[in-house]
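Asker: Here you go, one structure.
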Amino acid sequence: MTRFRTIDLLVTVLIGAAFGVAFLGYGQLYTLIGPLTAAFKPAEGLLAGIWFLPAVLAALIVRKPGAALLAEMIAATLEMLLGGQWGWGTAVSGVLQGGGVELAFLLTRYRRFTLPVAVLGGVLSAALEWVWERFAYYPEMSWPFAIAMLGCFVVSGAFLCGVLGWAAARSLVATGAVDSLAAGRDQVRTAEA
Amino acid sequence: MTSTRQGGQSLHLRGLTWHPHTRREPTIAGLDLDIAPGQRVLLTGASGSGKSTVLRALAGLLDEESGTAQGLPMPPRRPGERGLLLQNPAHALVAATLARDAAFGPENAALPREQIHDRAESALQEAGIDLDRSRAPLAVSGGQQQRIALAGSLALGPDLLLLDEPTSMLDADTAEQVRTAILAAAEGRTLVIAEHRIEPWLPHLDRLVVLGPQARILADGDPAEVLREHPDLLVGAGVLAETDATLRTERPPGPVIASLHGVTVPERGIRRPLDLEVRAGQLTVLTGPSGAGKTTALRTLLGPRRRLRGTVRRPARERIATVPQNPEHSFLARTVREELLASAWADDEALADELLERAGLADLARAHPYRLSGGEQRRVAIAAALAQGPDLLVLDEPTVGLDAGRRRAVLDLLREAAGKGCAVLVASHDPELIAAAENRLELPVPERTEEPLPHRRRIPADALNPLTLCLIGILAAIGSFAVHTWQGGLLAALPIALLGPLAVRSLRGGALRLTPILLSAAGLAWTTALLGEAPALSGPAWLLGLKEAARITVFVAPGVLALGSVDATSLGDALGGRLRLPARPVAASVVALVRVAHLGRQWEIITRTRIQRGLGSPASPKLLAGATLALLVDTLRGAEQQALAMDARGFATATTRTWAEPSRFGRADVLGALLGVGLLVWPAVAELLMR
């Protein structure tokens, strides 16, 4: 079923908006690894996966084509309207990060919403985002460091986006807040089987 | 089915059955109900009897993807034929201004622009709203919000009004005003209300229907007759309170645990000095109409506040326990028992088990807190607070939205806590709770001071269409890739410094937007100098860093500055009305983006509540993870209600809709586009000049 009901649309865009708000609070996380990143910038990639969370959560909960991309685009648009420092670069990141997750679920033809697919989505997003950042933000970075950054991105995408996003989706299903959505109905079917 | 303009619409349910996929049992099992045109019907019954679901069925909004239905009524024949109002008006609000909010339904119905404005304005007047039409609906009081929601329904000229506990979150006076507005609007329309506080509605009704489990009709008829013949039924359903003369037990006052003396917080509307003593062993109630500052007074008592006059005494942080208005804002654990022990200051397992028993939660010890009913969640939150063994227990509106039986259970818990020597402080407008308190402080009616509308200085960028502003930023970003030397980069940045003031509203706003750019440019310079191909931190490495800093500034700054004068609503008008992108996703995105300030307030409440509960510091990943989940739960539960409210205003079928405001292109936009082209080529020119 690919039609977006009003609730599907709203949940998708509100996941994007809620993360846009929560991200403002996450800024504090960067202070935790501040000393590390000052000396070795690529380490900042270790937190990159967090930014793809709206995409993976929307995909896992709404389970419709385009949900991941739309949620991530809303989070990106919000960041841009609020004055985020990367300007239109944020829009490109939004498309690539949402698109990476979207691609993973597209490869399963939107039939599988499991941990491995979520991890693949995180990895694809991380890889695409790295290509963009390498091109737009760090063209002068030497290759060894750029490869190290790719490693940080991919690890982060797999864990912070894939594993954490999958766990968050499961927690959300457990609360009953998504009972009227695809993820919630699926949980009931498994419980009854 | 017949419908007459004067008399409203008739409705017939025959054997309505509704079985949600997520429930074992149907929530409605074979309901027959006939409502005559113009009739005023009140549906009542205990929480969980299915009142709200019956309303949704009548509205034609039961979603057949999430359950199996039989005997559904005919769907509405036009958008907004049946208006629906929900318990929490914030869920019905969709736009950045009152005018646009009232226009949402007519836009969905694809009406021409002049008609949209006429309908919206007369609906706002019919609902009795005298606020400035450019105010933000989510920033006004609850009573005004419910009337704005009413206007949203009226704008589509409904034949039928369906109301789901429309006043349960309001204080008595405000509720009366909203009721008057609703009854006036219901003139000539059919009216169906689901409500468990029935008394105030009784004089205005034709018919009272009492529902039992699975929406089975227990009594149906003239309100006075039903009341006379079935009082037991109404008490049993928690609709009428048991009469109890010995509600208050006078206890000798204990020592003062916390106090406010001569406190004023002018910026929050508390101008008259406030004195309050909260004593051990007593139930103290802080009351007063909406907007009188109850929440502000509580927060002042709980934690430090800047610009405060007077003296505040409070116990140490770990000796204070708080219960937020929405219990889910503080939940963390996966079982009720773990929830009681989640705080760092609650480590007494024996006490936790005793509290589970006392709160009647022993059977639910292994249940998921988020899955409980509203009344159970309140009791879990109170038990979890008491598990800290606090000297002071502070609660914000702990009985709001509960039926009589559940209100009573909460009150019993609070009196027991006081009986054991805890000082209990409650902010509430619940008459029962106020009557049961030993100690009361009534905050005065606030002077009606409308906050002045924020003044927006007009700037040249305002003359441009949002799409033009986007184009300028995008073209400039593409142009920046021509920067290859630090000299060229600095020259390329020159027009930004010259043109920037055209897009900056105030010095402070400009600084807020530019500082992050300059910081990240500096960070990039440092990274390039350190990790580039040249030897780390050598002279050439720093020059390369300077080039990168200039390039990134040229890349991002025009976009960031131009976006400063774009707001979500005008962007939506441009994307939907001008570019003709798919209407529903664009409109839904605008709905989400205008809620950002509201979401930010929720995030603030959630994190503050959790810090007060001793669940961690603002930077702890665990606290942030829990807070994110709570924000998502709150948002997604809200989304379900919002979807209903929007579909009742015709959004479900709005694949082609109109937009209340035009998205104009003018002469200024030609200039703007030329400017964008200029910024696209200028960095390449600058490089040539510097060669």
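Asker: Restricting to the range B:652-670, what's the tally of residues that are part of a loop (DSSP other than H, G, I, E, B) and either within 15 Å of residue B:116 (Cβ to Cβ) or not hydrophobic (A, V, I, L, M, F, W, C) (or both)?
Answerer: Applying the first criterion (part of a loop (DSSP other than H, G, I, E, B)) to the range B:652-670 yields B:652-666.
If we keep only those that are either within 15 Å of residue B:116 (Cβ to Cβ) or not hydrophobic (A, V, I, L, M, F, W, C) (or both) too, we end up with B:653-664, B:666.
Looking only at that region, the number is 13.
Asker: Sticking with this structure for a sec: From A:13, A:56, A:21, which residue is at pLDDT 95 or above and facing chain B (nearest Cβ under 8 Å)?
Answerer: Details: A:56 fails: facing chain B (nearest Cβ under 8 Å); A:21 fails: at pLDDT 95 or above.
That would be A:13, the only listed residue that is at pLDDT 95 or above and facing chain B (nearest Cβ under 8 Å).
Asker: For residues in the range B:634-646 being surrounded by fewer than 24 Cβ atoms within 10 Å (Cβ to Cβ) and facing another protein chain (nearest Cβ under 7 Å), which is nearest to the chain's Cα centre (by Cα)?
Answerer: Within the range B:634-646, the match that is nearest to the chain's Cα centre (by Cα) is B:637.
Asker: Scan the range A:24-47 residue by residue and report those that are touching a Cys at 6+ places or on another chain (Cβ under 8 Å) and at the interface with chain B (Cβ under 8 Å from one of its Cβ atoms).
Answerer: A:42
Asker: When you check residue B:513 against the structure, is it in contact (Cβ under 8 Å) with a residue 40 or more places away in the chain and either of a type in the set (Lys, Arg) or facing chain A (nearest Cβ under 7 Å) (or both), yes or no? Show your work before the answer.
Answerer: Values: in contact (Cβ under 8 Å) with a residue 40 or more places away in the chain: yes; either of a type in the set (Lys, Arg) or facing chain A (nearest Cβ under 7 Å) (or both): yes.
Criteria met by residue B:513.
Asker: Filter the range B:260-292 down to the residues that are assigned to a strand (DSSP E or B) and small (Gly, Ala, Ser) and list them by number.
Answerer: So in the range B:260-292, the residues assigned to a strand (DSSP E or B) come out as B:260-265, B:270-279, B:283-287.
The one that is assigned to a strand (DSSP E or B) and small (Gly, Ala, Ser): B:262.
Asker: For residue A:97, state whether it is buried (at least 24 other Cβ atoms within 10 Å of the Cβ), in contact with a Ser or Thr (Cβ under 6 Å, 6 or more places away or on another chain) and not hydrophobic (A, V, I, L, M, F, W, C). Don't jump to the end; show me each part of the working.
Answerer: On the way: buried (at least 24 other Cβ atoms within 10 Å of the Cβ): yes; in contact with a Ser or Thr (Cβ under 6 Å, 6 or more places away or on another chain): yes; not hydrophobic (A, V, I, L, M, F, W, C): yes.
Yes, satisfied.
Asker: Right, something else. For the range B:164-208, enumerate the residues that are of a type in the set (A, V, I, L, M, F, W, C), closer than 17 Å to residue B:47 by Cβ and surrounded by 24 or more Cβ atoms within 10 Å (Cβ to Cβ). Show your work before the answer.
Answerer: At the first step, the residues of the range B:164-208 found to be of a type in the set (A, V, I, L, M, F, W, C) are B:169-170, B:172, B:175, B:178, B:181-186, B:191-194, B:198, B:201-202, B:205, B:208.
From the residues that got through so far, the ones that are closer than 17 Å to residue B:47 by Cβ too are B:169, B:193-194, B:198.
If the condition is that a residue be of a type in the set (A, V, I, L, M, F, W, C), closer than 17 Å to residue B:47 by Cβ and surrounded by 24 or more Cβ atoms within 10 Å (Cβ to Cβ), then B:193, B:194 are the ones that fit.
Asker: For the range A:162-186, name all the residues that are among the acidic types (Asp, Glu), at the interface with another protein chain (Cβ under 8 Å from one of its Cβ atoms) and more than 21 Å from residue B:366 (Cα to Cα).
Answerer: Answer for the range A:162-186, where residues must be among the acidic types (Asp, Glu), at the interface with another protein chain (Cβ under 8 Å from one of its Cβ atoms) and more than 21 Å from residue B:366 (Cα to Cα): there is none.
Asker: So for the range B:580-602 (the condition being free of Cβ contacts under 8 Å to residues at least 24 places away in the same chain, charged (D, E, K, R), more than 7 Å from every other protein chain (Cβ to nearest Cβ) and under 25 Å from residue A:83 (Cβ atoms)), does at least one residue qualify?
Answerer: For the range B:580-602, residues free of Cβ contacts under 8 Å to residues at least 24 places away in the same chain, charged (D, E, K, R), more than 7 Å from every other protein chain (Cβ to nearest Cβ) and under 25 Å from residue A:83 (Cβ atoms): present.
Asker: Next question, about the same structure. For residue B:127, are the conditions met, namely being of a type outside the set (Ser, Thr, Tyr), crowded, with 17+ Cβ neighbours inside 10 Å and farther than 27 Å from residue B:27 by Cα?
Answerer: yes
Asker: Let me ask something else about it. How many of the residues in the range B:33-72 are of a type outside the set (A, V, I, L, M, F, W, C) and assigned to a loop (DSSP other than H, G, I, E, B)?
Answerer: Residues meeting the conditions: 13.
Asker: When you scan the range B:271-285, do you find a residue that is more than 12 Å from residue B:392 (Cα to Cα) and among the small types (Gly, Ala, Ser), even just one?
Answerer: no
Asker: Residue under question is residue A:65, and the condition is that it be within 29 Å of residue B:466 (Cβ to Cβ) and over 11 Å from the mean Cα position of the chain (by Cα); does it hold?
Answerer: Details: within 29 Å of residue B:466 (Cβ to Cβ): yes; over 11 Å from the mean Cα position of the chain (by Cα): yes.
Against the criterion (within 29 Å of residue B:466 (Cβ to Cβ) and over 11 Å from the mean Cα position of the chain (by Cα)), residue A:65 qualifies.
Asker: With the requirement that a residue be farther than 17 Å from residue A:52 by Cβ and in a helix (DSSP H, G or I), what does the range A:135-171 give you?
Answerer: If the condition is that a residue be farther than 17 Å from residue A:52 by Cβ and in a helix (DSSP H, G or I), then A:135, A:136, A:143, A:144, A:145, A:146, A:147, A:148, A:170, A:171 are the ones that fit.
Rundown of residues vs (1) surrounded by fewer than 23 Cβ atoms within 10 Å (Cβ to Cβ); (2) among the aromatic types (Phe, Trp, Tyr); (3) at pLDDT below 95; (4) touching a Cys at 6+ places or on another chain (Cβ under 7 Å), yes/no style:
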{"site": "A:148", "(1), (2), (3), (4)": "yes, no, yes, no"}
{"site": "A:153", "(1), (2), (3), (4)": "no, yes, no, no"}
{"site": "A:174", "(1), (2), (3), (4)": "yes, no, yes, no"}
{"site": "A:177", "(1), (2), (3), (4)": "no, no, yes, no"}
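Asker: Taking the range B:324-340 as the region of interest, how many residues are in contact (Cβ under 8 Å) with a residue 40 or more places away in the chain and either touching a Pro at 6+ places or on another chain (Cβ under 6 Å) or within 18 Å of residue B:625 (Cα to Cα) (or both)? Step through it out loud before you land on a result.
Answerer: Restricting attention to the range B:324-340, the residues satisfying the condition of being in contact (Cβ under 8 Å) with a residue 40 or more places away in the chain are B:324-332, B:336, B:339-340.
After this cut, where a residue has to be either touching a Pro at 6+ places or on another chain (Cβ under 6 Å) or within 18 Å of residue B:625 (Cα to Cα) (or both) as well, the list is B:327-332, B:336, B:339.
Going through the range B:324-340 one residue at a time, the tally reaches 8.
Asker: Ok, one more. When you scan the range B:363-481 for helices (runs of 4 or more DSSP H) that lie fully inside it, which ones turn up with 2 or more residues that are over 28 Å from the mean Cα position of the chain (by Cα) and crowded, with 16+ Cβ neighbours inside 10 Å?
Answerer: It comes to B:404-419, B:466-479.
Asker: Could I ask something else about it? For the range B:137-160, give me the residue count where each residue is charged (D, E, K, R) and outside any helix (DSSP H, G or I).
Answerer: So the answer is 1.
Asker: Then there is this: Only one of B:364, B:340, B:286 is touching a strand residue (DSSP E or B) at 6+ places or on another chain (Cβ under 6 Å) and assigned by TED's automatic domain parsing to the domain that holds residue B:420. Can you tell me which?
Answerer: B:286
Asker: Quick one: would you say residue B:630 is buried (at least 23 other Cβ atoms within 10 Å of the Cβ) and either within 11 Å of chain A (Cβ to nearest Cβ) or assigned to a loop (DSSP other than H, G, I, E, B) (or both)?
Answerer: Here the answer is yes, as residue B:630 does meet what is asked.
Asker: For the range B:161-173, which residues satisfy the criterion of being modelled with pLDDT of 90 or more and outside any loop (DSSP other than H, G, I, E, B)?
Answerer: Within the range B:161-173, B:161, B:162, B:163, B:164 meet the criteria.
Asker: Using the structure shown, decide if residue A:105 is of a type outside the set (A, V, I, L, M), more than 14 Å from the chain's Cα centre (by Cα) and farther than 24 Å from residue B:480 by Cβ. Let's see the steps before the verdict.
Answerer: On the way: of a type outside the set (A, V, I, L, M): yes; more than 14 Å from the chain's Cα centre (by Cα): no; farther than 24 Å from residue B:480 by Cβ: yes.
No.
Asker: Right, next: What number of residues within the range B:507-548 satisfy the criterion of being out of contact with any helix residue (DSSP H, G or I) (no Cβ under 9 Å at 6 or more places or on another chain) and of a type in the set (Gly, Ala, Ser)?
Answerer: 3
The values are calculated or read from the model by the stated rules, or taken from the named source; none is laboratory data. In this text the structure is predicted, and so the values were computed from the model without any measurement. Note that we place each Cβ from the backbone using ideal geometry, even for glycine, and neighbour counts take in every protein chain shown.
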